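Student: My questions all concern the structure below.
The values are calculated or read from the model by the stated rules, or taken from the named source; none is laboratory data. Just so it is clear, the structure is predicted and the values come from calculations on it, not from any experiment. Note: ideal-geometry Cβ built from the backbone for every residue, glycine included; neighbour counts use all protein chains shown. Just so you know, the surface numbers come from the protein's heavy atoms only, side chains and all, with ligands and any DNA or RNA stripped out. Shrake-Rupley method; radii C 1.70, N 1.55, O 1.52, S 1.80 Å.
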Amino acid sequence: MNVAMLSNVEQINTMEVNEALLPILLAAVQEESAAKSENIKFGIRQRMHSGKTILNHTRFLGYTKDEGDRLVVVPEEAEIVRKIFSLYLDGYGVRKIKRYQEENGIKTVTGKSEWSTFTIDRMLSNEKYKGNLLLQKTRTPDFLTRKQKQNCGELSMLLVENAHESIVSEKMFEEVQRRKHRM
């Protein structure tokens with residue numbers, strides 16, 4: 001079809017490469033990409049073990065980051081989080097909490113009026129609300145697809161206790177976990 005593929009990074013123009021060498025060249029490029037991916041993962045693990053973490057806080061109700069990249073509590077949002085935990089301990093299930101939030105005009109972290117039961121359930125299990133960080137809960141097994149999967153023991157996880165200010169007490173958090181796992 002006489003169509004060229006150009007790659008700026010590797011400086012490859014398929015019209016200028018011997019057709020027999022192209023698969024070998026592309027395989028080498030893919031191996032280089034895999035090696036870069038492994039180096040990045042290694043760097044992330046090294047930072048993790050030294051106590052430095054990368055944490056998405058933009059969609060994380062109750063916290064933001066300060067100038068030093070540390071998690072800090074957002075008081076108004078923290079009240080919403082505490083209310084969710086309190087409602088659960090008062091016997092509300094996630095559907096009833098969802099209804100309570102929506103009926104009272106309480107917005108999600110992204111500003112939506114409609115809450116997700118999945119989000120509420122995840123919040124109730126998130127150790128960050130008691131001040132801890134569990135690192136490497138997910139993994140990316142394939143550097144090509146970049147699709148994340150739950151880490152079910154394939155990689156070691158690291159628990160950092162008292163990593164930041166808690167929003168709910170350890171006692172409250174643990175009681176919620178006990179009740180969740182009893183059901």
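Student: In whole Hz, with x marking every Gly and Pro, tabulate ³J(HN,Hα) for the stretch 116-128 from phi via Karplus 6.51 cos²θ - 1.76 cosθ + 1.60, θ = phi - 60°.
Tutor: Here the 3J(HN,Hα) series is 9, 5, 4, 5, 4, 4, 5, 4, 5, 10, 7, 4, 5 Hz.
Student: Shifting gears a bit: Around LEU22, what is the net charge, scoring Lys/Arg as +1 and Asp/Glu as -1 over all other residues with Cβ under 13 Å from its Cβ?
Tutor: -3
Student: Tell me the per residue accessible area of the chain using a 1.4 Å probe; a whole number in Å² is fine.
Tutor: 69 Å²
Student: Show the residues, 5+ positions off or on another chain, whose built amide H is closer than 5 Å to the amide H of LEU135.
Tutor: LEU158, LEU159, VAL160
Student: Determine, for each peptide in 108-116, 13-21, the mean count of other beta carbons within 10 angstrom over its residues, then list the peptides with the highest first.
Tutor: Ranking, from highest mean packing down: 108-116, 13-21.
Student: Continuing with this model, one more query. Please compute P(r) over all alpha-carbon pairs of the chain, binned at 5 Å starting from zero, and give each bin as a whole-number percent.
Tutor: 1, 6, 12, 14, 14, 13, 10, 7, 6, 5, 5, 4, 2, 1, 0
Student: Could you work out [θ]222 nm for the chain from helices alone, using -39500 (n - 2.57) per DSSP H run of at least four and dividing by all its residues? Round to the nearest 500 deg cm²/dmol.
Tutor: -13500 deg cm²/dmol, from helical runs alone.
Student: With θ set to phi - 60° and the Karplus curve 6.51 cos²θ - 1.76 cosθ + 1.60, what are the ³J(HN,Hα) couplings of the stretch 91-101 in order, to the nearest whole Hz, using x for Gly and Pro?
Tutor: Along the stretch 91-101, the couplings run x, 6, x, 5, 5, 5, 5, 4, 4, 4, 4 Hz.
Student: For a quick check of understanding: with a 1.4 angstrom probe and all protein chains in place, what accessible area in square angstrom does GLU174 have, to the nearest ten?
Tutor: 80 Å²
Student: Share of the chain's accessible area from carbon and sulfur, percent, 1.4 Å?
Tutor: 51 percent
Student: While we're on this one: Once each part is reduced to its C-alpha centroid, what is the distance from the stretch 91-126 to the stretch 148-163 in angstrom?
Tutor: Rounded to whole Å, the Cα centres lie 26 Å apart.
Student: Only Cα pairs within less than 10 Å get springs; with that Gaussian network setup on the chain, which residue of GLU165, GLU102, GLU32 has the largest fluctuation?
Tutor: GLU32
Student: Further, regarding this structure: Taking θ as phi - 60°, what are the ³J(HN,Hα) couplings along the stretch 169-181 by the Karplus curve (6.51, -1.76, 1.60), each to the nearest whole Hz, with x for Gly and Pro?
Tutor: 5, 4, 4, 5, 4, 5, 5, 4, 4, 4, 5, 4, 7
Student: Let me ask another. With the cut-off at 1.5 for a/c, could you classify the stretch 115-165 from its C-alpha gyration tensor as rounded, prolate or oblate?
Tutor: Here the stretch 115-165 falls in the oblate category.
Student: Something else: Amide H to amide H under 5 Å from TYR63: which residues, 5+ apart in sequence or cross-chain, H placed 1.01 Å off N in plane?
Tutor: VAL74
Student: For ILE12, which sequence-distant residues (separation of 5 or more, or a different chain) have an amide H within less than 5 Å of its own amide H, given hydrogens modelled in the peptide plane?
Tutor: When sequence neighbours closer than 5 places are left aside, the close amide H contacts are SER7.
Student: Let me spell out the model: positive unit charges on the Cβ of Lys and Arg, negative unit charges on the Cβ of Asp and Glu, origin at the Cα centre of the chain. What dipole size does that give, in debye rounded to 20?
Tutor: 900 debye
Student: Right, next: So for ARG70, ARG99, what's the accessible-area order with a 1.4 Å probe, most first?
Tutor: Result of the area sort, largest leading: ARG70, ARG99.
Student: In a Gaussian network model over the chain where Cα atoms closer than 10 Å are linked, find which of LYS65, LYS149, LYS137 has the largest mean-square fluctuation.
Tutor: Of LYS65, LYS149, LYS137, the most mobile in the Gaussian network model is LYS149.
Student: Turning to a different aspect of this structure: Less than 21 Å apart at the alpha-carbon level, and either on another chain or at least 8 residues along: which lysines does that give for LYS147?
Tutor: Straight-line reach from LYS147, under 21 Å: LYS36, LYS41, LYS137.
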